[in-house]
Amino acid sequence: MNNAKLTNISGMSNSFRGPWTLLKKELLRFWRVAFQTVAAPVITALLYLLIFAHVLAGHVQVYNGVPYTEFLVPGLIMMSVLQNAFANSSSSLIQSKVMGNLVFVLLTPLTHFQFFAAFLCAAIIRGLVVGLCIYLVAFCFVDIHIANPLLVVAFAFLGSALLGTFGIIAGIWADRFDQMAAFQNFIIMPLSFLSGVFYSIHSLPPFWQKMSHFNPFFYMIDGFRYGFFGKGDISPLISLSVVGGAFLVLALITLKMLKSGYKLRA
Amino acid sequence: MNPAIKINGIHKSFGNLHALKGIDLTIEQGEFFALLGPNGAGKSTLISILAGLIKPTAGDISVMGFDVVNQYQQARQLLGVVPQELVFDPFFNVREMLRFQAGYFGRGKENDAWVDEILEGLGLADKAHTNMRKLSGGMKRRALIAQALAHKPPVIVLDEPTAGVDVELRQMLWEFIKKLNREGHTIILTTHYLEEAEALCSRVGMMKQGEIVALDSTANLLNKFAGKKLRLTLGDVSLPNNIQSLLRHQEKGIFTFALTDMAQIEFVLSALKAADIRVLDMHLSEADLEDVFLSLVGKAS
């Protein structure tokens, strides 16, 4: 009988390795299908860029002195960052739930915070990788300058964190793929298309300008764009506070859901 | 030495359904324990509470002294659970999955030798680099078991591990699990195959409708409930009333009696003779767990 030895071997050896392994698995999961998870959104963003720039350049008035094509690029990058961060955590969770393999993670000693951190980091990295790829490809077509790189990074990071967290909530809540599709089609898509990706909200009637201020995506797009041009529809500090605040609120909700075992542990 | 598993007054209700009605059970370290019971008896619910997948309504469970709710990190380190459902992650191959699984428990490269041992022991070595999706059903089952063992847990729970599995795998699996048991791992098994429990387990718990109805060593249970089985081929007859109570089973003119001592053989035969019923064939055998099981829970299932 060597129970003592067995117990000893199974003791807490490395508390960091657990969440790191989960992050690594989540990264590999999307990287294995990078054609679908990275290349596809890059192509989509480029198509938007080519078509909208071609059709609308010269017709739409944005900021003074900023050509429409140049205006469009940061918005498209940020929209893709947000959508992909959401897609990463939400699709991983719903797939694992429907396939039943989430049980392998639920059986481990990982804490709710470690679980959250791993899924969150994977979503942020997916968002940033997609954003960076679009930036690099768009760079070949459009002359883009970055006025304030720190703001660009801060918004990309916080925006993907916010949507990654929202994706975790959606993934925990949804039981079926059609429920997840409803999240995508009725929340994420409308909010991102109505956020000012393709226009400056100053070109909208006053009522819709006001409505835009209730759309969290507006702050992320506008703040990110501010980093490129040094100007935007509102102050980047306001945007940063709204996005940071929203992230904190959603993160706390997510942690509470995970801690209580909502929908994951009966 | 703390028991491998200590279950204290566990209750679980799902709405109006009282699935577990106060389970008390202690399993010592190094035991090979079988938990038997018909579908819906509450075996899997109990295992899910043990694994932290379901929260108990009342009561507590500890694994080697660690509470599965309040000290879940330590408890889960010590526990390896093979889920009943055949689930897998389609993105990875077998070795990757095992490395990930061990990694979640804080184990790194130093664990690779153990992963190799599991792959070898479960006949998965040549499938190590095969994607989970491409494995046959039997191979997926092996991979599922391997995943539960990846962090070398001292307490191993197998929930119906041989459901729908061919004979070869069952043999291989039990050889490997027996070896782990000899090395000091505690094994808890739920199964529908009673002969497996009888052949492998030193102690058996039987559940029925959320309660434990029998808990004893396999040998004691066999002795206590039915010493011998007497199978008589009598044809289309009606039995005399005085031996009806010993009858366990009747099919196509074959009557099976459960006897607690040898004197009852004579009693049955003389009753038949008195009723002028001719015995066409006779077979006497040792009772098995199935008889115990049927006498305890059979009517309910």
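In the stretch B:101-127, of all residues being more than 28 Å from the chain's Cα centre (by Cα) and surrounded by fewer than 18 Cβ atoms within 10 Å (Cβ to Cβ), the one that is nearest to B:Q77 (Cα to Cα) corresponds to B:G108.
All of (1) surrounded by fewer than 21 Cβ atoms within 10 Å (Cβ to Cβ); (2) assigned to a helix (DSSP H, G or I) hold for A:A161 with one exception: (1). Restricting to the stretch B:147-181, and then to whatever is of a type in the set (G, A, S) and within 11 Å of chain A (Cβ to nearest Cβ), can you tell me which residue is nearest to the chain's Cα centre (by Cα)? Once the filter is applied, the top-ranked residue is B:A148. Summed over the stretch B:45-74, the residues that are within 23 Å of the chain's Cα centre (by Cα) and closer than 19 Å to A:L102 by Cβ give a count of 11.
Given the criteria under 18 Å from B:T218 (Cβ atoms), of a type in the set (G, A, S) and out of contact with any His (no Cβ under 7 Å at 6 or more places or on another chain), does B:A34 qualify? So B:A34 fits the description; yes.
Of all residues in the stretch A:193-227, those that are surrounded by 23 or more Cβ atoms within 10 Å (Cβ to Cβ), in a helix (DSSP H, G or I) and either among the hydroxyl-bearing types (S, T, Y) or on the phi > 0 side of the Ramachandran plot (or both) total 2.
Checking each residue in the stretch B:185-240 for being surrounded by fewer than 18 Cβ atoms within 10 Å (Cβ to Cβ), of a type in the set (S, T, N, Q) and touching a Ser or Thr at 6+ places or on another chain (Cβ under 7 Å) picks out B:S202, B:S217.
Within 27 Å of B:F66 (Cβ to Cβ), crowded, with 16+ Cβ neighbours inside 10 Å and of a type in the set (F, W, Y): does that describe B:F176? Answer is yes for this residue. For the stretch B:105-125, the criterion of being within 11 Å of another protein chain (Cβ to nearest Cβ), in contact with an Asp or Glu (Cβ under 8 Å, 6 or more places away or on another chain) and of a type outside the set (F, W, Y) is satisfied by no residue at all.
Table: residues versus (1) closer than 15 Å to A:Q83 by Cβ; (2) within 14 Å of another protein chain (Cβ to nearest Cβ); (3) in contact with a strand residue (DSSP E or B) (Cβ under 6 Å, 6 or more places away or on another chain).
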site	(1), (2), (3)
A:F16	no, yes, no
A:T21	no, yes, no
A:L28	no, yes, no
A:T37	yes, yes, no
A:A45	yes, no, no
A:L50	no, no, no
A:A53	no, no, no
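For the stretch A:247-258, check the following and say yes or no: at least one residue is in contact with a helix residue (DSSP H, G or I) (Cβ under 6 Å, 6 or more places away or on another chain), modelled with pLDDT of 95 or more and farther than 30 Å from B:P56 by Cα. Yes, the conditions are met somewhere in the stretch A:247-258.
Pick out the one residue from B:N70, B:N131, B:N111 that is under 24 Å from B:K178 (Cα atoms) and without any contact (Cβ under 8 Å) to a residue 60 or more places away in the chain. I'd like the intermediate steps shown before the answer.
Working: B:N70 fails: under 24 Å from B:K178 (Cα atoms); B:N131 fails: under 24 Å from B:K178 (Cα atoms).
When all the criteria are applied, what remains is B:N111.
The values are calculated or read from the model by the stated rules, or taken from the named source; none is laboratory data. All values derive from a computational prediction rather than experimental measurement. Methodologically, a virtual Cβ is constructed for each residue, glycine included, from the backbone with ideal geometry; neighbour enumeration extends over all protein chains shown.
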